[in-house]
Every structure is written in structure tokens, then in C-alpha cells.
Amino acid sequence: MSLLNYVVVSIVATILRFFPWPCKTGLYDIGQPDRDSPVLVTCNYRLTVARVQKALQGLNAYLLVANSRGINVWCAATGGLFTNHDVISVLKTSGIEERVDHRQVIVPQLAATGVEAKVVERKTGWKLIWGPVYADDITAFLEGKLEKTRGMRVVRFPWTQRLETAIAWAFPISLVSALVMIPLWREAILPLVLLVWGLSLLIFLAFPLYSRWLASEGRRIGFTLFDFGRGGFQVIVWGAIMFGLVAHAALVGDLSWGFVARWGVASLGVVLMLSLDLMGSTPVYKSGLHEDRLLRVVLDQDKCRGVGYCEDVCPRDCYHVDRDRHTATMPRAERCVQCGACIVQCPFDALHFRSPKGEVIPPETIRKFKLNLMGKRLVR
Ligand code: SF4
Ligand code: SF4
């Protein structure tokens with residue numbers, strides 16, 4: 001893929017981040033692969049494929065693009081759209097088995113919420129290895145004899161990703177707002193669009209400044225910004241915006257009840273839209289809208305054999321596995337984002353979720369039912 005193509009794909013995928021963008025599934029040759037070249041699987045989200053191809057430039061490898069319905073790896077796997085069947089299907093139908101002498105396939109770690117290593121291995125005879133979270137680490141992972149460092153396992157939310165997320169929110173919201181305003185109030189379009197972009201950039205770029213106050217406990221389900229327990233923060237934001245607008249209108253002599261009413265409704269709409277509690281748009285914080293945010297992972301020491309799959313797939317580095325003593329512990333359990341990957345992959349069912357009321361959600365439920373956008377396990 002040319003650099004220009006890559007830039008175009010990146011821009012389009014960023015402004016339309018919340019929409020699927022499928023590309024062709026099947027086998028892609030990278031460089032001039034031979035019978036010993038590594039085999040990697042990814043999803044068929046256009047941007048992901050472009051990033052993996054770019055990361056693999058200069059190497060010889062096979063890339064298997066599996067059907068994830070045009071959605072990125074983590075969302076598709078967690079939502080039941082990137083499954084065992086999709087990985088098995090691409091291994092069996094792409095022709096890769098005739099192209100290589102080995103049976104080792106690297107699958108992105110974030111697929112561990114929906115793709116079960118032991119099922120794929122049993123049904124295909126391929127050994128599944130969890131690759132790094134980010135495409136940029138693939139080369140180092142391959143050069144490091146398929147050993148993942150901690151940095152390769154953990155999700156991050158750097159400013160580049162925060163900027164992308166802010167754009168992904170601001171673009172569709174400002175577009176819809178502008179279209180709605182065309183027949184109603186044209187003069188308001190520009191300030192409204194600027195307001196949406198300003199708030200969106202502020203919320204995501206400033207994330208590290210307020211993230212320490214984000215916590216699951218005490219948060220309500222509903223239209224809450226980063227809810228400090230009472231859910232009143234968005235009212236303060238709305239009040240501040242209205243105060244600024246009214247003060248400005250009074251200064252330029254343009255203040256009227258019509259002005260206050262129209263701007264009151266418009267700015268409240270913007271604040272509510274941007275108050276969806278980040279809506280799971282960050283990889284490090286579970287939205288208060290998600291029902292499963294209060295679940296806790298429970299580790300049954302009697303069943304654990306210390307094989308370490310949990311540590312290998314946890315994107316938040318919650319685990320420590322002592323391979324000499326064959327034990328696992330969760331010294332950083334508070335970082336958990338309830339993705340379920342560890343529970344899905346544990347071969348001895350030593351892990352399960354427990355609700356605040358003490359209900360046990362067994363591994364079979366997590367494997368069978370996937371999350372919808374509201375954090376309910378509904379999708380089979
Ligand atoms: S994957 Fe299961 S058995 Fe293995 S260390 Fe983790 S909890 Fe223990
Ligand atoms: S401990 Fe939490 S974040 Fe880590 S894999 Fe398990 S469910 Fe996901």
C-alpha cells in the first residue's frame with residue numbers, strides 16, 4: 001500500500017471511526033514469504049489491515065484477514081463478531097495450509113475476548129499464539145522469538161489515540177448538528193460546530209488530568225459525563241457555556257429571550273451528546289453506562305495450575321504468574337476493564353466474574369454471550 005493510500009485510509013477511518021469499514025478477507029502475501037514464514041491473523045477492518053501491512057513492511061510473512069464484519073479486533077471479538085468460526089474459516093479456506101510447513105498462527109491479543117485458543121487448536125491443528133496489542137510491535141515480537149514484553153501486552157491511551165477519538169466523536173456529532181440546524185437556525189451552525197469540536201478535544205485530550213477520579217463505584221447508569229457520584233457535572237458545564245454565551249450577547253447588545261432559549265436547547269443537546277461518559281471509547285476506562293463495570297474477576301486458587309494464559313491476554317496487566325510455583329495472583333486487579341479475555345482463555349476455568357450482589361457469572365456464560373454496546377451480555 002502506498003503512503004498516500006495509507007494516509008487517506010487513516011483520515012477516512014478516523015472521521016468515520018464508529019462505522020464498519022470491511023475489506024477483502026483471505027490470504028495476503030507480505031514481501032516474498034516461503035514455507036517457513038510467519039502466519040498472522042487480523043480482522044477485516046480496513047484501517048487495521050492497513051496498519052498491519054505497514055508494520056510488516058520489509059518482512060516476509062502471510063497475513064490472513066478474517067471476517068470481523070469490518071469492525072476492529074477488540075470491539076468485534078468482544079461483541080461476538082470476530083469468533084472461533086471466523087479464525088477457523090480463514091485457516092481452512094484461504095489456502096494457507098498448502099503454503100507453509102508449520103502450523104503456528106499469530107492472532108492479535110485483543111481477539112482473546114472472543115476467539116478461544118483451545119477450540120481453534122482442537123478444530124484446526126494450528127497452534128495459536130497471542131501476538132502484541134499494537135501492530136507497531138509486530139516486528140519486535142517476531143524478532144524477539146515470539147516473546148511478548150509487558151509493553152506489548154498492555155493497552156495505552158496516548159495523545160495520538162486521544163486525538164483520533166476526539167475527532168471520531170466530533171465529526172459525526174457536528175455534522176448531524178449542522179444538518180439539523182440548516183432549516184432551523186443557520187447562524188448557529190458555525191458556533192455549534194466549534195463548540196462540539198472544542199468540547200470533544202477538551203474531554204479526550206485532557207483525559208490524563210481527570211482520569212484519576214474516574215471510578216466504577218458509585219457511578220450511575222445514565223447520561224453522565226465523568227460522574228463524580230452525583231451526576232451533576234454536566235449541569236455545571238452547561239451552566240458555564242450558557243453564562244459565557246449570555247455574557248457575550250449582553251456585551252454586543254444582542255441578548256433576548258429567544259437567544260437564551262435557542263442557545264439553551266442547543267448547548268444542552270451538545271453537552272448531553274458529549275456526556276455519554278466516554279461510551280467505552282477509551283481502552284483504559286469502562287463507561288458508567290456499561291452494566292458490567294462493577295463485575296469483579298475471581299481467581300480460584302484450587303483450580304489454577306499457573307499456566308499463565310490470563311497474564312498473556314490481559315490488556316491491563318492485572319496478573320502476576322509465578323511459573324515455578326504454578327500460581328497466579330491479581331496484584332493489579334483494580335485496573336481491570338471487565339473485558340473477560342482471561343476468563344475466556346483459562347483452560348481450567350479457574351476464573352469467573354462476580355457481581356456486587358455475589359452472583360457468579362461462570363466462564364461458559366462469558367464465552368457464549370458477548371457484549372452489546374450497552375455492556376449487556378446478549379450476543380450469542
Ligand atoms: S490461565 Fe487460569 S490456570 Fe492459568 S494461570 Fe491464569 S488462572 Fe491459573
Ligand atoms: S483481569 Fe480484567 S482486564 Fe484483565 S483480562 Fe481479565 S477481565 Fe480483562
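No lab work stands behind these numbers, since they all come straight from the coordinates. Since the structure is predicted, the reported quantities are computational estimates derived from the model, not experimental observations. No Cβ is skipped: glycine too gets one built from the backbone with ideal geometry, and neighbour counts run over all protein chains shown.
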Checklist entry - So how much slack lies between Thr160 and Asp136, counting 0.36 nm per residue of separation and subtracting their Cα-Cα distance, in nm? => result 7.3 nm
Item to check | R0 of 30 Å, Cβ-Cβ distance Trp213-Glu359: FRET efficiency to nearest 0.05 | outcome: 0.60
Item to check | Additional length obtainable on full extension of the chain from Asp302 to His85, 0.36 nm per residue less Cα span | outcome: 74.9 nm
Checklist entry - Where q = 0.08, 0.09, 0.10 Å⁻¹, what log10 of I(q)/I(0) comes from the Debye formula for the chain, counting one point per Cα? => result -0.48, -0.59, -0.71
Checklist entry - Hey, if you put +1 on the Cβ of every Lys and Arg and -1 on every Asp and Glu Cβ in the chain, which of Pro363, Ala328, Cys304 ends up farthest toward the positive end of that dipole? => result Pro363
Checklist outcome for this item: Between Ala178 and Phe348, the two model label points (7 Å from Cα along the beta-carbon direction) sit apart by a distance in nm of 5.8 nm
Next on the checklist: Can you tell me what share of the DSSP beta bridges in the chain is antiparallel? A percent to the nearest 5 is fine.
Outcome noted: 60 percent
Next on the checklist: Suppose the chain between Ala249 and Thr329 were pulled fully straight at 0.36 nm per residue; how much longer would it get relative to their current alpha carbon spacing?
Outcome noted: 22.9 nm
Checklist entry - Which FRET efficiency, nearest 0.05, do Val119 and Arg99 yield, Cβ-Cβ r, R0 22 Å? => result 0.40
Checklist entry - Going toward the positive end of the dipole of the chain, with +1 on Lys and Arg Cβ and -1 on Asp and Glu Cβ, which of Pro20, Thr42, Leu190 do you reach last? => result Pro20
Item to check | Ellipsoid semi-axes in whole angstrom, largest first, where each is sqrt(5λ) of the Cα gyration tensor of segment 291-379 | outcome: 22, 13, 12
Next on the checklist: Suppose we look only past 27 Å in the calculated P(r) of segment 3-153. What percent of the Cα-Cα pairs does that tail hold?
Outcome noted: 15 percent
Checklist entry - Quick one: if you stick a label point 7 Å off each Cα along the C-beta vector at Asn60 and Gln32, how many nm between them? => result 0.7 nm
Checklist entry - Under a Cβ-Cβ cut-off of 15 Å, what is the net charge of the residues other than Ala266 that fall near it, where Lys and Arg count +1 and Asp and Glu count -1? => result +1
Next on the checklist: Distance cut-off 19 Å, Cα to Cα: go down the list Lys24/Lys92; Lys127/Lys148; Lys24/Lys118; Lys148/Lys368 and report the pairs above it.
Outcome noted: Lys24/Lys118; Lys148/Lys368
